[in-house]
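Heads up: the structure comes next, in structure tokens.
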């Protein structure tokens, strides 16, 4: 274990791969490793991407990776794909679109499946981000599956949130998903070569307002053709500088820490009362007591919290 | 909570120029349906690309598919590069149009199994399951 | 009406039969399965009667050699001339394949068919890094005019017809063939043959592309235009369902996607300003012959009927010859098994029978060892003999469309035709063939069918003899075919010498002119021909195009 973390800090990709697996598999060793890794993180600029499936997020990231590489940055990518709820398996194909940056030593790409992450996919994703951060990736892209609630949830933990949309073809009124206008720091209209981009851009412009002194820019791209990528990279860099200078970067880190502490606490509690744990039997007894109307759920919950072993090493 | 068994991760790749991806895709789906995580890297991959992806994705096994006859050059090269990178524990298997007398040579070069046309999917799935457990 | 009365009588008789004879029989012996399906998963009913065939026979069938050509494109079919026995061959260097051609001709083959190796198919020279390990393994390497000269040395290129399975770099390989013939004093006007040149099915199924779809289509139309003026007897395209089927498609998908592609080529030709009658005669087709005899037969017949109607009514072709769908057939490589490989001879025979009963113009029969390798000489000869037995011993070539009128076959033909039209509608809804490629429509449909088929085999809903039933444990003995190291060295040496001894200035200028032509909208063929004459290699010419046209990235699907 010590070897893996030490190797990671030397920039070893094999160690990074193995550590992310430990996190994904929820192995106890991961907690120790992450503790040791943590002081070495906080340097990378983390950019989260959200947008409906098929909008071209992978292709955009592929182009951005090349652009940032040309600007001398090292890059990490964490790409999340859905796990089949029926079989528990997944086909992870985002690498295909990023294949041409595959053997560049300054690039690390990791595909993650959503799995049934008990502790929350967002936690695991950002633990993986930290591994890449500690390895020395200067920019880390997080690509989510789509634009559902949980994906938005993940993307918004990044420093910079990129919302990707594409113009529709034909005579349709394009409406934005509720909430999508509030979360983005940068809006990308991709596939401008296909549909009527002007309408979508105008629509966005009309609805987007400045927040905390930053008006979200709208960038037109055609990722497959490489159009607009330089501009998007500039915007991302500008936002990083803005966050730094305004102090908002720290604000976002605190907000994320809050979420992560809460979620971790929740996880620990769930684990603490689960089957086979010291308080497992108590949990069972309380459940029966509630069912038999001997006590109520609220009181039972208090009892559980009080009994939670305090000195046990967190896992 | 019952501990979730460790996920088996497999990389399916098409080395070389061959574009016939029917077999690779069918195998990828079968492994997915057996509960594994399959990283599909697409067409026209050089051995270097495949090895780099396998290390970053920390897979248990790599499945190589080639129908163009370039297997004798490309498959052993993947094994060699894995060893060079200190990831020799990753199991490498091959499939495609492979002449019978190439099979022992591939096995000597470190290819753990060779699946020709007509191999039952069940056989391939259970091989990867075992490979995943052993890793 | 008399017709109505007849129908009623038939319906009543059928009902009576079902209630008496059939019911008793089923009570005594239930059927083997709940559902009987074709190779493509299409349900097959117990019995077909005239009630299953709608419409008037003269409109559906016509007569052989007449619209809509359902029964065949020639009035006398094989009574006049047998199909062309054309065996796909190629391995190693040009010398190796030249020897195989001569061997096949000596054993009665009537047309040549060239298989190229992977680097050639992707427009790379043998000595480029991308070509590593791929020299001559699944076809012959042709990197330059010199290779092409050797490949056809001692073969009467004015007399034989030559088919070349080449797609993305088709115009370059064709130019090499044309310059080779020119050098031997054979006029282009008399050259007969085919370049596959079907790039659409590459994006859909075989995945051997170089450039993006639009640039590729432009190159294809360039060959149509050039061919119609200068090489009038040459088929400038072979619109291929074969690879779509091999990638996993059903018979209906093969039919529908192939014809949709065919119509897309016609549209591009018309958009270029050509008259449909001027180039439609040189469009040829290429279908698969899979195991299910009647389904395959129905597919060929439906294809002819659809094409005739679309060419006449949609595209307004006036020349009846432009309505005729001419096609080559290859037996299904994907049906060959590594287990008990001799059984492949039987499979291939049934498939070849389907092609002949279906009225094919030429035929390749696979060799039994092809689940292992490119065929050895003996296996290739047995495959050729299979065709000769069908032609001369089976009697099936003695009459035109011998199975026409079978209730089952006619109903199946109608069904496949209707399914093809449903696919045409879906493709239009997606915006046409190329937008549907960009959306991954064909790729997804094909992958789904492939997986479903494999699951059926896994679950034993489908028996594959020697694979999931009737299995034996035996060591397979197949005489290996090896590409020699010497061939590779000779090829690399030849390339080096060519680059050393050619006129460097002439070479450079030719490539520069080609670059400019690619950037403009001029027809590229004359510039490619000049580059070939200036001894530019395949890799060099394709590099020029790669620079201008850029690469293609496949939509992400699995």
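We did not get these values from a lab; they are worked out from the coordinates using the rules stated. Everything quoted here is computed from the prediction, not taken from an experiment. Glycine gets a Cβ as well: all are built from the backbone with ideal geometry, and neighbour counts include every protein chain shown.
Going by a ≥ b ≥ c, the root eigenvalues of the Cα gyration tensor, does region C:57-458 fall in the rounded group (a/c under 1.5), the prolate group (a/b larger than b/c) or the oblate group? In terms of gyration-tensor shape, rounded.
Can you give the angle from 0 to 90° between the axis of helix C:343-357 and the longest principal axis of chain C, with both taken from C-alpha atoms, to the nearest 10? Computed tilt is about 80 degrees.
Taking the fewest neighbouring Cβ atoms within 10 Å as the starting point, the ordered list for C:113, C:161 is C:161, C:113. Available extension along the chain between residue C:421 and residue C:313 is 37.4 nm, counting 0.36 nm per residue and deducting the alpha carbon span. Shape class for region B:9-134, computed from the alpha carbon gyration tensor (a ≥ b ≥ c): rounded, with a/c under 1.5.
Rounded to the nearest 10 degrees, the angle from helix C:94-106 to the longest Cα principal axis of chain C is 40 degrees.
Would you mind classifying the protein assembly as shown by shape? Square roots of the alpha carbon gyration tensor eigenvalues, ordered a ≥ b ≥ c; an a/c under 1.5 is rounded, otherwise it is prolate if a/b is larger than b/c and oblate if not. Cα axes put the protein assembly as shown in the prolate bin. Using the Cβ-Cβ distance between residue C:505 and residue B:123 with R0 = 51 Å, the FRET efficiency computed as 1/(1 + (r/R0)^6) comes to roughly 0.25. Against chain C, whose longest principal axis comes from its Cα atoms, helix C:2-17 is set at around 70 degrees. Helical runs (DSSP H, four residues minimum) scored at -39500 (n - 2.57) apiece and divided by the length of chain C put the mean residue ellipticity at 222 nm at -14500 deg cm²/dmol.
Based on DSSP, what percent of beta bridges with both residues in the protein assembly as shown are antiparallel, to the nearest 5? In the protein assembly as shown, approximately 5 percent of DSSP beta bridges are antiparallel ones.
Taking the number of Cβ atoms within 10 Å of each Cβ as an exposure proxy, the fewest-first ranking of C:296, C:508 is C:508, C:296.
Pairwise Cα distances in region B:38-80 exceed 14 Å for 44 percent of all pairs. The order of C:446, C:463, going from fewest to most other C-beta atoms within 10 Å of their C-beta, is C:463, C:446.
By the helix-only formula, in which each DSSP H run with n ≥ 4 contributes -39500 (n - 2.57) and the sum is divided by residues, chain A has a 222 nm mean residue ellipticity of -15000 deg cm²/dmol. Between residue C:17 and residue C:106, full extension at 0.36 nm per residue minus the direct alpha carbon distance yields a gain of 26.4 nm. For chain C, the relative contact order works out to 18 percent when only alpha carbon pairs closer than 8 Å and six or more residues apart are counted.
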